[in-house]
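A quick write-up on the structure given underneath.
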Amino acid sequence: MSGGRPPEARKAFAEGAARQAAGDARGAVAAYHRAVSLDPHYAEAYCNLGLVLFELGARAPALAAYRAALALSPGFVEAHNNLGNALLRLDQPQQAAAHFRTAIALDPARPQPHSNLGQALLELGEPAAAEAAHRAALALDAALPDAVNDLGLALARQNRCEEALEQFERALALAPETPRFAVNRALTLLKLGRFDEGWQAYRSRWAARPAGDRQAFSQPEWEGGPLAGRTLLLYGEQGYGDSLQFVRLLSRLPRDGRVLLRLPGPLVRLLAGQGYPLAAVLDEALPPPPFDCHASLMDLARLLRLELADLPGPCPYLRADAALQAAWRQRLAALPGRKAGLVWAGNPRPWHDEASRLDRRRSLPPRLLEAALRGCPGLTLVSLQKEAAERPNLPLRDWSAELSDFADTAALVAALDLVVTVDTAVAHLAGALGKPVWILSRFDGCWRWLRNRDDSPWYPTARLYRQTAPDDWTAPLARLRQDLEVFSARG
């Protein structure tokens, strides 16, 4: 027995590694199981078994395999690193960071644990520490494209956008065929207001998404220019807010053809009542009628060459149903003071790891909202929040059960005096309706709010309340309270 391992165990391990490399995950699992049954002290086999089990979705058995490897060999750097990666993907960054730090202590010259620690620290809301960890990894190996990209993300979280852009471009130079690097570059260009470059670069988002996320049509994509009698199908993508933001561009489309707008059901009734030059507004749950070419609503910015100077364009560009709005005004008239709508949380989207993490940073803990708004004189607070897990202990009027779609929400918003919201679809709805909207934004705000400004080129009635430090709502909420007191006193 070479190295004290039974030859049959080593043979099973080699078979597992070969099957793993060939993409035969289930065969690899069987071989690694055979290896550890033949040699229960085979830490390397347990470690590889954990890797394959995790990729198969067997999360708990994968963690158990890694821990078995570490019980046999506490100084096994690869097992610490792999267990940290698994915990990070399971949204346990604190535990992940502990294993990355152990791996670094055991082998400081290995770059990957440093970079992985940077990822965990960014998830823990420590972007400066994450930056330092990625720089440590790159000092050991400057040609790690993932570490370069993740350094860019740490810089972007600190609102150092020019430096972040430099890293994203460097990552692309190292790995040109990596769509997520290209998307990070595109979003940074847009945030910097470099729309011409940004819209072109943002085409990369399609390659960065799972194939099923994109509308699959046999008809060609519209590439701009005259329609010449053709029927163009436009469709929404990403969230409701993105569609509400970009429908403004419908008025810029050529008039020499037919245009169909296909959207999620909750948007259909609102958009169908706008009088755009459209043949129809369609529910995306139903098959579309015949058409000749197609495009995403968000691609209209590129196709129509939207520049920052073109904004806001005609605004308001949406209107609420007059009868619904009048009914809400009558109900609100019986309440004292000025009427302010509130949204404190976004859609958590637990099925999408990245979106869920982002939502936690953009959403406002109800206890903080309570402290900021309690006892604010001259205001009636109206909840526009849908399906929040937690609610603030405030005297809220809540008619959300009566809001079946965005047409209903638009009518209530239009009847209010003000909307106060985190960065959600309601912010876009209020802005598109021309309603005063005060938007609470995280420190590294979304690209569409640009940088270092309290107004928005997209919506003349918007006011931004930005965090002045990452994950710290103290300053924007203090300013919000101050402005609300002035606003209510003018009523």
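The values are calculated or read from the model by the stated rules, or taken from the named source; none is laboratory data. Since this is a predicted model, take the numbers as computed values, not measurements. Don't worry about glycine lacking a Cβ; one is built from the backbone with ideal geometry, like all the others, and counts go over all protein chains shown.
For region 11-26, taking the residues that are free of Cβ contacts under 8 Å to residues at least 12 places away in the same chain and assigned to a helix (DSSP H, G or I), the one that is surrounded by the fewest Cβ atoms within 10 Å (Cβ to Cβ) is identified as Ala21. For region 99-112, a residue qualifies if it is of a type in the set (A, V, I, L, M, F, W, C) and in contact (Cβ under 8 Å) with a residue 12 or more places away in the chain, and the qualifying residues are Phe100, Ala103, Ile104, Leu106, Ala109. In the set Phe54, Phe100, only one residue is out of contact with any Leu (no Cβ under 6 Å at 6 or more places or on another chain) and either farther than 22 Å from Glu15 by Cβ or in a helix (DSSP H, G or I) (or both); that residue is Phe54. Filtered by the rule that a residue be closer than 23 Å to Gly125 by Cα, among the basic types (Lys, Arg) and without any contact (Cβ under 8 Å) to a residue 24 or more places away in the chain, region 329-384 gives Arg349, Arg360. Across region 327-355, the qualifying residues are those that are out of contact with any helix residue (DSSP H, G or I) (no Cβ under 8 Å at 6 or more places or on another chain), among the aliphatic types (A, V, I, L, M) and modelled with pLDDT of 85 or more, and the one among them that is surrounded by the fewest Cβ atoms within 10 Å (Cβ to Cβ) is Ala334. Among residues of region 73-93 that are β-branched (Val, Ile, Thr), those with a Cβ under 9 angstrom from a residue that is surrounded by fewer than 22 Cβ atoms within 10 Å (Cβ to Cβ) and part of a loop (DSSP other than H, G, I, E, B), sequence gap 6+ or separate chain, pair up as Val77/Asp107; Val77/Arg110. Entry remark, region 114-147: residues being under 13 Å from Gln167 (Cβ atoms) and without any contact (Cβ under 8 Å) to a residue 12 or more places away in the chain number 1 in total.
Condition test on Leu318, is it part of a loop (DSSP other than H, G, I, E, B), free of Cβ contacts under 8 Å to residues at least 40 places away in the same chain and among the aliphatic types (A, V, I, L, M)? So Leu318 does not fit the description; no. Checking each residue of region 244-258 against the condition of being part of a strand (DSSP E or B) and either outside the structural domain of Pro348 (by TED's automatic domain parsing) or surrounded by 14 or more Cβ atoms within 10 Å (Cβ to Cβ) (or both) gives at least one match. Residues that are more than 19 Å from Gly84 (Cβ to Cβ) and either hydrophobic (A, V, I, L, M, F, W, C) or not assigned by TED's automatic domain parsing to the domain that holds Gln92 (or both) within region 26-55 comprise Ala28, Val29, Ala30, Ala31, Ala35, Val36, Leu38, Ala45, listed in sequence order.
Residue count for region 456-479 satisfying the condition of being within 25 Å of Leu244 (Cα to Cα) and either buried (at least 19 other Cβ atoms within 10 Å of the Cβ) or of a type in the set (Val, Ile, Thr) (or both): 9.
Would you confirm whether or not region 386-395 contains a residue that is under 22 Å from the mean Cα position of the chain (by Cα) and either surrounded by 23 or more Cβ atoms within 10 Å (Cβ to Cβ) or polar (S, T, N, Q) (or both)? Checked region 386-395: no residue is under 22 Å from the mean Cα position of the chain (by Cα) and either surrounded by 23 or more Cβ atoms within 10 Å (Cβ to Cβ) or polar (S, T, N, Q) (or both).
Please verify whether Gln274 is touching a residue at least 12 places away in the same chain (Cβ under 8 Å), assigned to a loop (DSSP other than H, G, I, E, B), farther than 23 Å from Leu324 by Cβ and polar (S, T, N, Q), treating the condition exactly as stated. No. When you scan region 302-309, do you find a residue that is surrounded by fewer than 19 Cβ atoms within 10 Å (Cβ to Cβ) and on the phi > 0 side of the Ramachandran plot, even just one? Yes, region 302-309 contains at least one residue that is surrounded by fewer than 19 Cβ atoms within 10 Å (Cβ to Cβ) and on the phi > 0 side of the Ramachandran plot.
Put simply, of Ala96, Ala65 the only residue that is touching a helix residue (DSSP H, G or I) at 6+ places or on another chain (Cβ under 9 Å) and under 22 Å from Ala136 (Cα atoms) is Ala96.
Quick check: is even one residue across region 29-48 among the small types (Gly, Ala, Ser) and under 34 Å from the mean Cα position of the chain (by Cα)? No, because not a single residue in region 29-48 is among the small types (Gly, Ala, Ser) and under 34 Å from the mean Cα position of the chain (by Cα). Here the helices (runs of 4 or more DSSP H) wholly within region 356-454 that include at least 3 residues being closer than 28 Å to Arg490 by Cβ and at pLDDT 95 or above are 406-415, 425-432. Report yes if some residue within region 329-350 is over 21 Å from Leu433 (Cα atoms), touching a strand residue (DSSP E or B) at 6+ places or on another chain (Cβ under 9 Å) and charged (D, E, K, R); otherwise report no. Looking for residues that are over 21 Å from Leu433 (Cα atoms), touching a strand residue (DSSP E or B) at 6+ places or on another chain (Cβ under 9 Å) and charged (D, E, K, R), one finds none in region 329-350, hence no. Among the residues examined, Ala65 qualifies as assigned by TED's automatic domain parsing to the domain that holds Glu15, crowded, with 21+ Cβ neighbours inside 10 Å, more than 27 Å from Pro127 (Cβ to Cβ) and touching a Gly at 6+ places or on another chain (Cβ under 8 Å). Assess whether Ala129 counts as being over 18 Å from Leu153 (Cβ atoms) and either in contact with a strand residue (DSSP E or B) (Cβ under 8 Å, 6 or more places away or on another chain) or among the aliphatic types (A, V, I, L, M) (or both). So Ala129 does not fit the description; no.
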